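Notes for the one structure printed next.
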Amino acid sequence: MPPAEVAPVLHAVGVGVRHGRVDAVTDVTLAVAAGDKVALVGPNGSGKTTLLRVLGGLCTPTSGIAHLDGADLRRVPGPARARRLAFVGQDEQGDLPFTARDVLLLGRAVRHPDWRPYDDADHAAVDALLDRWELAPLASRGLDEMSGGERRRVLLARAFAQGGDVLLLDEPTNHLDLRHQHALLAHVADAPGTAVVALHDLDLAAAYCTRVVMLARGRVVADGPAPQVLTAARVGEVYGVDARAVDLGGRHHLLVGR
Ligand SMILES: Nc1ncnc2c1ncn2[C@@H]1O[C@H](COP(=O)(O)OP(=O)(O)OP(=O)(O)O)[C@@H](O)[C@H]1O
């Protein structure tokens, strides 16, 4: 007997988003299965942020529909959505005087719809995240007293604190140094849940994601494993660069010039 079809966790069907006279996303159909780690790549303005926001229920499509576990995302109430999905935006910097510990506890708040106070499990989860993200020395420091990269790491750790099973991250490596870029994507790759991550660094996409979806002018132009999507010809054409694909130790890389 063939295995039963597993419904996608996230499913955009014929999604279009129009901002005024701009078609940001056009007729995108994308099914993301549980456990998929999807890199969303494409040039500036190709629709990555817009599509991520649709998948997170933060932007209502002008046409088509987006589902979370088969339910129309427009009808999933905010608190229920926040228990499943965590979204970290591209420019989220957070300059409020909350400490790192406060911010991670705020992430846990989505698990307390009844305003129940934080319990030992919340504090233990936050302590574990502070350790894992090397944030313990910043636990009592305000966001407004941190460097850009430190703040960014706190906000990304908050997404993990929410404890949902779907991560939507928009250019999460912005502001992070090399080691933290790799550490972050390793966290994402190792997490048991589903992730869709907009990335400009194609090497990071190839190294840590199981699947690469490439957008150009609001449409999906390729979808599959990195070596099949990130070919020299396609990257050259879509980004307008001179690209060469190389295999180093079994890993797909691109050498890029103008
Ligand atoms: N609020 C808005 N009003 C009008 N046009 C918008 C708005 N937001 C985005 N756009 C346009 O929609 C298109 C897609 O933008 P989007 O931010 O989704 O692209 P992106 O791939 O995330 O880009 P980048 O890599 O530069 O972050 C672009 O042409 C952009 O100019």
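Would you pick out the residues in segment 238-255 that are surrounded by fewer than 16 Cβ atoms within 10 Å (Cβ to Cβ), over 28 Å from ASP190 (Cα atoms) and away from the ligand (no atom under 16 Å from the Cβ)?
Going residue by residue through segment 238-255, those that are surrounded by fewer than 16 Cβ atoms within 10 Å (Cβ to Cβ) are 240-242, 244, 246-251, 255.
Keeping just the survivors that are over 28 Å from ASP190 (Cα atoms) gives 240-242, 244.
ASP242, ARG244 - these are the residues of segment 238-255 that are surrounded by fewer than 16 Cβ atoms within 10 Å (Cβ to Cβ), over 28 Å from ASP190 (Cα atoms) and away from the ligand (no atom under 16 Å from the Cβ).
Being buried (at least 19 other Cβ atoms within 10 Å of the Cβ) and closer than 24 Å to GLU134 by Cβ is true for just one of VAL212, VAL188, VAL220, VAL235. Which residue is that?
Checking each option against the conditions leaves just VAL188.
For (1) in a strand (DSSP E or B); (2) closer than 26 Å to VAL9 by Cβ; (3) modelled with pLDDT of 90 or more, each residue gets a yes or a no:
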{"residue": "ARG83", "(1), (2), (3)": "no, yes, yes"}
{"residue": "ALA86", "(1), (2), (3)": "yes, yes, yes"}
{"residue": "PRO117", "(1), (2), (3)": "no, no, no"}
{"residue": "HIS123", "(1), (2), (3)": "no, no, yes"}
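Do we find that GLU134 is surrounded by fewer than 16 Cβ atoms within 10 Å (Cβ to Cβ) and on the phi > 0 side of the Ramachandran plot in this structure?
So GLU134 passes the test.
Evaluate the following for HIS175: is it touching a helix residue (DSSP H, G or I) at 6+ places or on another chain (Cβ under 9 Å), at pLDDT below 95 and either away from the ligand (no atom under 13 Å from the Cβ) or assigned to a helix (DSSP H, G or I) (or both)?
So HIS175 passes the test.
Mind telling me which of the residues GLY47, GLY56, GLY89, GLY16 ends up being in contact with a Leu (Cβ under 6 Å, 6 or more places away or on another chain), closer than 22 Å to ALA198 by Cβ, open to solvent by less than 20 Å² (accessible area, probe 1.4 Å) and within 12 Å of the ligand (Cβ to nearest atom)?
GLY47
Which one is nearest to the ligand (Cβ to nearest atom) among residues in segment 59-81 that are touching a helix residue (DSSP H, G or I) at 6+ places or on another chain (Cβ under 7 Å) and in a strand (DSSP E or B)?
Top of the filtered list is ALA66.
Scanning for something closer than 27 Å to ALA34 by Cα, out of contact with any strand residue (DSSP E or B) (no Cβ under 8 Å at 6 or more places or on another chain), at pLDDT 95 or above and in a helix (DSSP H, G or I), does segment 132-149 turn up at least one residue? Let's see the steps before the verdict.
Narrowing segment 132-149 to residues closer than 27 Å to ALA34 by Cα: 132-133.
This time we only want the ones that are out of contact with any strand residue (DSSP E or B) (no Cβ under 8 Å at 6 or more places or on another chain), so: 132-133.
Remaining after also requiring at pLDDT 95 or above: none.
Within segment 132-149, not a single residue is closer than 27 Å to ALA34 by Cα, out of contact with any strand residue (DSSP E or B) (no Cβ under 8 Å at 6 or more places or on another chain), at pLDDT 95 or above and in a helix (DSSP H, G or I).
Take the residues of segment 19-44 that are open to solvent by 30 Å² or more (accessible area, probe 1.4 Å) and assigned to a strand (DSSP E or B): which is farthest from the ligand (Cβ to nearest atom)?
Ranking the qualifying residues of segment 19-44, first place goes to ALA31.
Going by the conditions given, is ASP203 within 22 Å of LEU68 (Cβ to Cβ) and open to solvent by 30 Å² or more (accessible area, probe 1.4 Å)?
Against the criterion (within 22 Å of LEU68 (Cβ to Cβ) and open to solvent by 30 Å² or more (accessible area, probe 1.4 Å)), ASP203 does not qualify.
The values are calculated or read from the model by the stated rules, or taken from the named source; none is laboratory data. Please read all numbers here as calculations on a predicted model, not as lab measurements. Because the Cβ atoms are built from the backbone with ideal geometry, glycine has one as well, and the counts that use them run over all protein chains shown. All accessible areas refer to the heavy atoms of the entire protein, side chains included, with ligands and DNA or RNA removed. Shrake-Rupley method; radii C 1.70, N 1.55, O 1.52, S 1.80 Å.
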